[in-house]
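Notes for the one structure printed next.
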Amino acid sequence: MITMKSKHKIALITGITGQDGSYLAEFLLEKGYKVYGLERRSSSKNRHNIEHIADKIKFVSGDLLDEASLVHALREVRPDEVYNLASQSFVGESWKQPVYTGEVTGLGAIRILEAVRQVNPKIKFYQASSSEMFGATREAPQNENTPFYPRSPYAVAKLAAHWITVNYRESYGMFAVSGILFNHESPRRGHEFVTRKITNGVARIKTGRAKELRLGTLSAKRDWGFAGDYVEAMWKMLQQKKPKDYVIGTGKTHSVEDFVKAAFSHAGLDWRKFVKIDKQFVRPAEVNHLWADSSRAKKELGWTAKADFNGLVKMMVDADLKQYQD
């Protein structure tokens, strides 16, 4: 049984305005944490995902491209836990911006780990790793011992961040862990991701705003879960006695076509009438089958996914329909 100390714990989240960051912020606030969000200085703040809890979050300036700003932020916040969720996280975009992706997603993790080491190496550190690191794997399902074979600049950058986390843990004795999260979605997912592209497309077609939906590969299979479930696993990893990396997923796979069928069916539409295959959305190197073996997380963390595939699809379609009907 995990117990909290009476003192309020302090958490710093990078990428707090993203899908995972927003759900994690909600979760930690419910646990009684003081939550800080690292935010880049910019003329416009995108806080859509956290506007309902923004008054409960404190923001601190910092940038994963600038180590000095990270050191300053850590000294100001003095966190017990740091969750590094920020990255250039869209696989497709990483082919267009490979160097930038490497800088933010890969070297960004190195910068914040080094900042933690300098300021207070006793801070517990969580790194958001990705199932994309497994890539062209010949082993299914994938667990913590499965060899990596990344197939995109994004996956390579995530793998660099993953291994530097292992190195800082083993070299400096830091409590630094990676959560190897398989695909996790929600109504807060960015529109560029295929799941949200599908559910948003369904909503636009259903409400007469579009006549078709263009997609790339329909045969690729993924282990899809609900992001709101997965942030609990992140937290649980940092409450253990010993730092370890964990694979997090549902243990069930579905194809992109399965997702399409479920989404259109929920809206009462025949997907074959609206979906067109467009080669511009096919990756240069495709990842065909990602399937999680989360038995270690179930045994040691007591974590399992709660939302099922069809429930997730319906949740996302309903949310997108609502935004167009309001």
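The values are calculated or read from the model by the stated rules, or taken from the named source; none is laboratory data. None of the values given here were measured: they were computed from a predicted structure. Methodologically, a virtual Cβ is constructed for each residue, glycine included, from the backbone with ideal geometry; neighbour enumeration extends over all protein chains shown. Areas reflect the complete protein model, heavy atoms only, side chains present, ligands, DNA and RNA absent. Shrake-Rupley method; radii C 1.70, N 1.55, O 1.52, S 1.80 Å.
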Quick one: check the C-alpha center-to-center distance for the range 288-326 versus the range 70-132, whole angstrom. 25
Take the Cβ-Cβ distance between TYR100 and HIS48 as r, set R0 to 35 Å, and report the resulting FRET efficiency rounded to the nearest 0.05. 0.95
Estimated dipole of the range 100-201 in Debye, rounded to 20 [Cβ of Lys and Arg +1, of Asp and Glu -1, Cα centre]: 240
Viscosity 0.692 mPa s, temperature 37 °C, Stokes-Einstein D of the range 30-112 from Kirkwood C-alpha radius, µm²/s: 232
Gap separating the Cα centres of the range 222-281 and the range 10-65, nearest whole Å: 23
Full extension from SER295 to LYS122: what is 0.36 nm times the residue separation minus their Cα-Cα distance, to one decimal in nm? 59.4 nm
What fraction of the DSSP beta bridges in the chain is antiparallel, stated in percent and rounded to the nearest 5? 10
222 nm [θ] for the chain, helices only, -39500 (n - 2.57) per DSSP H run of 4+, per residue, to 500? -11000 deg cm²/dmol
With all protein chains present, the chain has a carbon and sulfur share of its accessible area (1.4 Å probe) in percent of 48
Strictly over 27 Å apart at the Cα level, which of LYS56/LYS158; LYS45/LYS96; LYS58/LYS96; LYS58/LYS306; LYS7/LYS306; LYS9/LYS298 would you flag in this model? LYS56/LYS158; LYS58/LYS96; LYS58/LYS306; LYS7/LYS306
For an R0 of 30 angstrom, estimate the FRET efficiency from the Cβ-Cβ distance between ASP270 and GLU192 and round to the nearest 0.05. 0.70
Gain upon complete extension [ASP278, ASP55; 0.36 nm per residue less C-alpha separation]: 76.0 nm
List the lysines whose Cα sits under 16 Å from the Cα of LYS261, skipping any in the same chain fewer than 8 residues away. LYS197, LYS206, LYS221, LYS273, LYS276, LYS314
Can you tell me what percent of all Cα-Cα pairs in the range 10-153 are more than 23 Å apart? 39
Calculate how large, on average over all directions, the projected area of the Cα convex hull of the chain is; give the answer in nm² to one decimal. 16.4
With LYS34 itself left out, Lys, Arg at +1 and Asp, Glu at -1 over residues whose Cβ is under 12 Å from its Cβ give +4
With no solvent and one point per C-alpha, what does the Debye sum give as log10 I(q)/I(0) for the range 74-161 at q = 0.21, 0.26 Å⁻¹? -0.96, -1.17
Given the Cα-Cα distance of ARG138 and GLU170 and 0.36 nm per residue of separation, how much length would full extension add, in nm? 8.7 nm
